[in-house]
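Before any comments, here is the structure.
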Amino acid sequence: MRNLLRLSPLLLAAALLFGADPAFAGKRVALVLANSAYQHAPSLTNPVNDGAVIAKTLKEAGFDIVDSRHDLSAQETRRVLRDFADATRTADIAVVYYAGHGIEVEGSNYLIPVDAKLERDTDVYDEALSLDRVLVAVEPAKQLRLVILDACRDNPFAKRMKRTIASRAMGRGLAQVEPTSPNTLIAYSAKAGFTAQDGDGANSPFTVALSKYLTTPGLDVRRAFGFVRDEVLKSTANKQEPFVYGSLGGEDVPLVPVKVVAAAPVAPVANPQADIRRDYELALQVGNKAAWDAFLAQHPDGFYANLAKLQVEKLGAEQAHAAAIAKAKQAEAERDRLAALGAQKDAQAKAAADAKAAEQAQLAAQKAKEQAQQQAAAAEQQRVNLAAAAPSAAPASTASPAGTNVASLTPPTAPADLNRSVQTELGRVGCFSGSADGNWNTSSQRSLSQFNRYAGTKLDVKVASTDALDAVKAKPARVCPLVCEHGFKADGDKCTKIVCREGYAVNDDNECEKQRAAKPAKPATAKRDVGDERPARQRRQAGGAAAGTAGGYGAAAGMTAAAGASRPSGGGQIFCNSLGCRPVNRGCHLEYRGGGGPHVDANVEVCR
């Protein structure tokens, strides 16, 4: 704290706010509702227990008002919400937590009091309370409106409820919502359309994780729900995924501020370089431009001033890159808009040129950002190396030019032992799976980034620092979740293969699923080779045609003609009359003259 008191007021404010993150010392109020003893449905075991845990957690976090109620009727719930709305008018943060049954009808969500019967689908409008009514109660809060629903259980009311209109939709779990009020978040224990588990213990998995992360001092509420999601997925074998709807601004919004305790003034430190180093490390931890500007105003020259200038250049390059990305997106959108409207070719050509120029500017900004980041990382690595080699020594050069060569006391070898120690500790907490070889490569940086995500820290991943080593050592157990490949499940700190009983196999969701019996293959149909029969059939057809040409009538004539067709003849035709049948003479043919009857031939043999 003595360093804070020596720094400029701007840096002091930045340090207390951790990079312009609001501390939120304003009024915080909470309402906890839990329904277990349902009068017209089976009782629930955990909601009252869950409500007690959350109420205790919020009270210990220093909330000004925590009103905890359980097993309320519809009328009592409406009265409690009305009174709570009065309390939120002077509050900065308002939180409502509900555990019990909920139902979705026609895309709207309702909380079910303990006295609800819900014999018909339309009874929800009279006997239940809509989610919108709860949002009205938290709306007056100035900074954050948070509604947490552990109400995605399998609902017995929906199964037995009579439908007054067959087309009225009643979904499973709760429906997705999009808050219309700003700075409003609605958290579900399971995402829309899915049900949540009560758990095997006294509390649901969602409430257990919620009580662990929600009130972490200084932790943004969105990140807190991210940790809750990861833990619930892990504890339920990926069967339940909590979900948060709504959005907040760019600043962190913690439910509990970081406590800053003022210390008594102490005597000045004899070593001025040690003071400057501590000031630099404090500005590095804050990490925003205001902190660096304040540091440079206090220490405009010297070794650490040059390091600070590199950090400022890096932040400026990152901001310029972000602005270039936004400009490129805007130019692309304008180009696509003109193309869709069929604008004139010259206008489209100009828009395309602007988009191309914006893209080139974006690439240049990205290159500049990467270069600035590399320079700052290299300089910071040199500082860490120097501190590891000679912790009590001061930099020999106090006026070195800005750049990566900022110190004349560069150790001959990199601190591989520090890298190896950080890698070993990251492996112990489940964030690093490689070998601790002392090489701080991309894999090691990714592992420290994973630790930051799950431990809620903001360590610089570019280098292995003593701060990182101390932070990882402080964790007594696994931090990063165990991730298993398909076909395996987490079993403690190991992945074990999923074994399904006979007739079942592991599906895409890593669950055992019954296999459908394979349909017997149809026997191949043998095709007869009719090639040998085709000539005979053609001969029989030719014989039948000859009989028709002969003009014979009656069964005897047809049979005789067919019999005659089997014998060779001069003309290929057969002439039949009442006396019998004979082949047509060669060079002759039959002509049909009509008539026909006893002793009268219908066909006449004509010879040339």
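With the structure loaded, tell me whether residue 146 is surrounded by 22 or more Cβ atoms within 10 Å (Cβ to Cβ), touching a Leu at 6+ places or on another chain (Cβ under 7 Å), over 24 Å from residue 73 (Cβ atoms) and not aromatic (Phe, Trp, Tyr) or whether it fails that test.
Yes.
Among 340, 320, 351, 347, which is of a type outside the set (Ser, Thr, Tyr), touching an Asp or Glu at 6+ places or on another chain (Cβ under 9 Å) and either open to solvent by less than 20 Å² (accessible area, probe 1.4 Å) or in a helix (DSSP H, G or I) (or both)?
Working: 340 fails: touching an Asp or Glu at 6+ places or on another chain (Cβ under 9 Å); 320 fails: touching an Asp or Glu at 6+ places or on another chain (Cβ under 9 Å); 347 fails: touching an Asp or Glu at 6+ places or on another chain (Cβ under 9 Å).
Result: 351 is the single residue among 340, 320, 351, 347 that is of a type outside the set (Ser, Thr, Tyr), touching an Asp or Glu at 6+ places or on another chain (Cβ under 9 Å) and either open to solvent by less than 20 Å² (accessible area, probe 1.4 Å) or in a helix (DSSP H, G or I) (or both).
Per-residue answers, yes or no, for (1) modelled with pLDDT of 80 or more; (2) on the phi < 0 side of the Ramachandran plot; (3) not β-branched (Val, Ile, Thr):
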| position | (1), (2), (3) |
| --- | --- |
| 327 | yes, yes, yes |
| 331 | yes, yes, yes |
| 334 | yes, yes, yes |
| 391 | no, yes, yes |
| 422 | yes, yes, no |
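Could you list all residues from segment 47-64 that are open to solvent by less than 60 Å² (accessible area, probe 1.4 Å) and more than 18 Å from residue 208 (Cβ to Cβ)?
Passing the criteria: 62, 63.
Consider segment 224-253. How many of its residues are over 21 Å from residue 135 (Cβ atoms), open to solvent by less than 40 Å² (accessible area, probe 1.4 Å) and either in contact with a His (Cβ under 7 Å, 6 or more places away or on another chain) or outside any helix (DSSP H, G or I) (or both)?
Counting residues in segment 224-253 that are over 21 Å from residue 135 (Cβ atoms), open to solvent by less than 40 Å² (accessible area, probe 1.4 Å) and either in contact with a His (Cβ under 7 Å, 6 or more places away or on another chain) or outside any helix (DSSP H, G or I) (or both) gives 3.
Show me the helices (runs of 4 or more DSSP H) entirely contained within segment 104-162 in which 1 or more residues are at negative phi and of a type in the set (Lys, Arg).
Where helices (runs of 4 or more DSSP H) fall fully within segment 104-162 and carry at least 1 residues being at negative phi and of a type in the set (Lys, Arg), they are 131-138, 156-160.
Looking at (1) open to solvent by less than 40 Å² (accessible area, probe 1.4 Å); (2) modelled with pLDDT of 80 or more; (3) touching a Ser or Thr at 6+ places or on another chain (Cβ under 8 Å), can you tell me which one residue 395 breaks?
With (1) open to solvent by less than 40 Å² (accessible area, probe 1.4 Å); (2) modelled with pLDDT of 80 or more; (3) touching a Ser or Thr at 6+ places or on another chain (Cβ under 8 Å) applied to residue 395, the lone miss is (2).
Of everything in segment 66-94 that's of a type outside the set (Gly, Ala, Ser), open to solvent by less than 20 Å² (accessible area, probe 1.4 Å) and part of a helix (DSSP H, G or I), which residue is farthest from residue 51 (Cα to Cα)?
Looking at the filtered set, the residue picked out is 88.
Which condition number in (1) farther than 26 Å from residue 38 by Cα; (2) touching a Leu at 6+ places or on another chain (Cβ under 9 Å); (3) open to solvent by 30 Å² or more (accessible area, probe 1.4 Å); (4) not small (Gly, Ala, Ser) is the one that residue 160 fails?
(1)
On the given criteria, is residue 201 within 22 Å of the chain's Cα centre (by Cα) and at pLDDT below 90?
Spelling it out, it is not the case that residue 201 is within 22 Å of the chain's Cα centre (by Cα) and at pLDDT below 90.
Scan segment 460-480 for residues that are among the aliphatic types (A, V, I, L, M), under 22 Å from residue 286 (Cα atoms) and open to solvent by 40 Å² or more (accessible area, probe 1.4 Å) and jot them down.
Across segment 460-480, the qualifying residue is only 474.
Evaluate the following for residue 189: is it under 25 Å from residue 223 (Cβ atoms), of a type in the set (S, T, N, Q), open to solvent by less than 30 Å² (accessible area, probe 1.4 Å) and modelled with pLDDT of 85 or more? Write out each step before concluding.
Values: under 25 Å from residue 223 (Cβ atoms): yes; of a type in the set (S, T, N, Q): yes; open to solvent by less than 30 Å² (accessible area, probe 1.4 Å): yes; modelled with pLDDT of 85 or more: yes.
So residue 189 passes the test.
Report, by residue number, each residue of segment 254-263 that is open to solvent by 80 Å² or more (accessible area, probe 1.4 Å) and at pLDDT below 65.
261, 262
Condition check ((1) over 30 Å from residue 161 (Cα atoms); (2) of a type in the set (Asp, Glu); (3) modelled with pLDDT of 90 or more) across all residues:
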| residue | (1), (2), (3) |
| --- | --- |
| 23 | yes, no, no |
| 26 | yes, no, no |
| 32 | no, no, yes |
| 46 | no, no, no |
| 49 | no, no, yes |
| 56 | yes, no, yes |
| 60 | yes, yes, yes |
| 66 | yes, no, yes |
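For residues that are open to solvent by 100 Å² or more (accessible area, probe 1.4 Å) and more than 25 Å from the chain's Cα centre (by Cα), tally how many sit in segment 495-508.
4
Pull out all pairs, ordered by first then second residue, where Cβ-Cβ is under 8 Å, the residues are six or more apart or on different chains, the first lies in segment 279-303 and is of a type in the set (A, V, I, L, M), and the second is surrounded by fewer than 19 Cβ atoms within 10 Å (Cβ to Cβ) and assigned to a loop (DSSP other than H, G, I, E, B).
286/19; 290/20; 291/19; 294/8; 297/8
Residues being among the hydrophobic types (A, V, I, L, M, F, W, C), touching a residue at least 60 places away in the same chain (Cβ under 8 Å) and within 17 Å of residue 217 (Cβ to Cβ): count how many of those fall in segment 24-66.
So the count comes out to 5.
How many residues are open to solvent by less than 70 Å² (accessible area, probe 1.4 Å) and not in a helix (DSSP H, G or I) when one looks only at segment 425-459?
Adding up the residues that qualify gives 12.
What single numbered condition from (1) touching a Lys or Arg at 6+ places or on another chain (Cβ under 6 Å); (2) at pLDDT below 90 fails to hold for residue 156?
(1)
Provide a single number: the residues in segment 558-594 that are at pLDDT below 60 and loosely packed, with under 12 Cβ neighbours inside 10 Å. Spell out the reasoning first.
First, pick out the residues of segment 558-594 that are at pLDDT below 60: 558-571.
Filter once more, keeping what is loosely packed, with under 12 Cβ neighbours inside 10 Å: 566-568, 570.
Going through segment 558-594 one residue at a time, the tally reaches 4.
The values are calculated or read from the model by the stated rules, or taken from the named source; none is laboratory data. A quick note: this is a predicted structure, and the numbers were derived from the prediction, not measured. As a convention, Cβ positions derive from the backbone with ideal geometry for all residues, glycine included, and neighbour counts pool all protein chains shown. Ligands, DNA and RNA are stripped out before the accessible areas are found, and what is left, the full protein with its side chains, is counted by its heavy atoms. Shrake-Rupley method; radii C 1.70, N 1.55, O 1.52, S 1.80 Å.
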